Each structure stands twice: as structure tokens, then as C-alpha cells.
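Q: Following this message is one structure expressed as C-alpha cells.
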Amino acid sequence: MIRLAIQKSGRLSEDSLNLIRECGISFVSSTYKLKTEATNFPLEILFLRDDDIPGYVQDGVADLGIVGQNVLVEAGFPKLEVEALGFSKCRLSLAVPRGAEYSSVASLQGKNIATSYPEILGRYLTGEGVQAQLHTISGSVEIAPSIGLADAICDIVSSGSTLLGNGLREVETVFRSEAVLIANQNLNTEKQHLLEQLRFRMQAVRRARR
Ligand code: PRT
Ligand code: ZN
């Protein structure tokens, strides 16, 4: 039996469940259950908050997980990635108020930036030779400039309408992300074999979708 952690409820949930089903794996899921067992594959599915998934897989509480690369890399476990899954594509971007002066990332020197991704952003700014004050907030990052909390923000963007609706202009892409399958690095032989079977089926599903 191999144990897979997926997001309980959020943007990754439906696509994660659909992918498992399209792999030919049957299971019953209910809103109240935090785990379920597949009926035709030795798989147990855990339903967790996405932020907890990388740590659980790193520690071996779960063998496998499905999570966004943004959360995986921010958590510091990029090595756990085994397969890109092609859904939940988005980018982590810097944005400034529409009227603010901005010519390049150097314009952010000495500024206050609100983000939920201090690790990824910090590394990016260091690489660009820019020093800024990062303010870590866990949600509603887009309102930070309008309430005087920050000069700029760095947050997940997909359509761009949230930025637009908050009077912000996207100026730099810091990181591109999609959902990935992750795996614990010390799986026993039996679990490694199950992982290979799952990857094979996931790759076939992706090819069939194209
Ligand atoms: O409760 P839990 O902690 O499990 O979920 P969560 O609220 O932390 O995450 P959730 O469900 O919002 O997102 C899960 C993953 O989906 C993220 O980690 C990304 O990998 C991916 N993803 C894809 C997105 C988006 N698109 C996205 N648009 N995550 C968040 N957003 C948000 C963004 O933060 C911003 O507020 O949507 C808004 C921007 O969207 P646009 O379309 O207006 O640009
Ligand atoms: Zn989360």
C-alpha cells in the first residue's frame, strides 16, 4: 500500500482527483473523510492542506503528494519532485501600484514588499542584487499597497484579474509553477514499484489529453 497526499479543498483538489480517476483508480471520497482507500490499486489517499504536503512527504508520513511547485520550493524541498503534471499553471510575480514609477527590478531597492513567498522572492532579489524589506503575510497580499503596508507585492497570478482589480501592475515574473507529483526519497522497493506504475499511468493520461 502506498500513501498519496492531495489537497483537501482548493485549486488543486479537483484536478488531482480527476487525474487519479483517469489513471483507472477507483475510490469513494466524501467531504468529511480525511482519508480513503482505492478499491482496485494499493493506494491510500490523504486529504490535507497543500502547505502541509511537502513536509509530510519529506518525513515519510505520506509516500507521495500532489502540490504546486511554488509551495514545494518555498518549503525548501524541490528535490522531492518526480513528475510535472501540467495543471494548476500559474506564476509568482512582482506587482506595483499602477501609478508607481518602475523601470526595472532595481526600482525595488530599499522598498517594502509584501509576500507569502519570502524564500523564493528573497533568492530572486539576491540574484538580481536588490535589497528590499520583505513582509510575510499569509493571504490577501494584493491589498497591502492600498492600505500602506507595502510598496510592492509578490504573489501568485494566473489570469491577472486580481491584480487589475486591486490597482496593481505586474512587473516581473519571479517563478513559474504547475502541479507536480512528489515522492519521499527513501521508498522501499515495493513502494518504488507502485510509484513507477502510477507515473506510467499519469504519463499516459497526459499524452491522451494532448
Ligand atoms: O487551504 P489550502 O492551504 O490547502 O489552500 P490554499 O488557499 O493555500 O491554496 P489554493 O487552493 O488557493 O491554491 C493551491 C495552488 O494552486 C497554489 O499553490 C498554486 O500552485 C495553484 N494556483 C494556480 C493558484 C492560482 N492558480 C491562483 N490564481 N493559487 C492561487 N491563486 C490565487 C492568487 O493567490 C491570487 O490571489 O488567485 C489569485 C490570482 O488569480 P488571478 O486569476 O486573478 O490572477
Ligand atoms: Zn495553502
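Q: Starting from segment 187-210, keep only residues that are at pLDDT 95 or above, then list their pairs with residues that are in a helix (DSSP H, G or I) and among the hydrophobic types (A, V, I, L, M, F, W, C) whose Cβ atoms are within a distance under 7 Å, requiring at least 6 positions of separation or different chains.
A: Once the first residue is at pLDDT 95 or above and sits in segment 187-210, its partners that are in a helix (DSSP H, G or I) and among the hydrophobic types (A, V, I, L, M, F, W, C) give 187/195; 202/19; 205/19.
Q: Also, I was wondering about something else. Is segment 193-205 home to any residue that is over 21 Å from residue 87 (Cβ atoms) and crowded, with 18+ Cβ neighbours inside 10 Å?
A: Yes, segment 193-205 contains at least one residue that is over 21 Å from residue 87 (Cβ atoms) and crowded, with 18+ Cβ neighbours inside 10 Å.
Q: Can you name the number of the only condition in (1) assigned to a strand (DSSP E or B); (2) assigned by TED's automatic domain parsing to the domain that holds residue 205; (3) crowded, with 23+ Cβ neighbours inside 10 Å that residue 83 fails?
A: Every condition holds for residue 83 apart from (3).
Q: Exactly one of (1) at positive phi; (2) small (Gly, Ala, Ser); (3) free of Cβ contacts under 8 Å to residues at least 12 places away in the same chain is unmet by residue 30. Its number?
A: That leaves (1) as the condition not met.
Q: Could I ask something else about it? List every residue pair whose Cβ atoms sit under 6 Å apart, with the two residues 6 or more apart in sequence or on different chains, where the first one lies in segment 51-80 and is over 18 Å from residue 120 (Cα atoms) and the second, anywhere, is modelled with pLDDT of 95 or more and in a helix (DSSP H, G or I).
A: 57/80; 62/56; 63/191; 65/53; 65/57; 66/16
Q: Evaluate segment 7-21: report whether one residue or more is assigned to a strand (DSSP E or B), within 13 Å of ligand 2 (Cβ to nearest atom) and within 16 Å of the chain's Cα centre (by Cα).
A: Scanning segment 7-21, I find at least one residue that is assigned to a strand (DSSP E or B), within 13 Å of ligand 2 (Cβ to nearest atom) and within 16 Å of the chain's Cα centre (by Cα), so the answer is yes.
Q: Out of the residues in segment 113-155 that are in a strand (DSSP E or B) and surrounded by 19 or more Cβ atoms within 10 Å (Cβ to Cβ), which is farthest from ligand 2 (Cβ to nearest atom)?
A: Going through the qualifying residues, I end up with 152.
Q: Further, regarding this structure: May I ask you to list the residues in segment 98-110 that are out of contact with any strand residue (DSSP E or B) (no Cβ under 6 Å at 6 or more places or on another chain), closer than 20 Å to residue 175 by Cα and not aliphatic (A, V, I, L, M)?
A: 103, 104, 107, 109
Q: Follow-up. Please go through segment 135-170 and give me each residue that is out of contact with any helix residue (DSSP H, G or I) (no Cβ under 8 Å at 6 or more places or on another chain) and in contact (Cβ under 8 Å) with a residue 40 or more places away in the chain, ordered by number.
A: 145, 146, 158
Q: Can you name every residue in segment 20-70 that is crowded, with 22+ Cβ neighbours inside 10 Å and within 16 Å of ligand 1 (Cβ to nearest atom)?
A: 45, 50, 53, 54, 57, 62, 65, 66, 67, 68, 69, 70
The values are calculated or read from the model by the stated rules, or taken from the named source; none is laboratory data. Since this is a predicted model, take the numbers as computed values, not measurements. Every residue, glycine among them, receives a Cβ derived from its backbone with ideal geometry; neighbour counts consider all protein chains shown.
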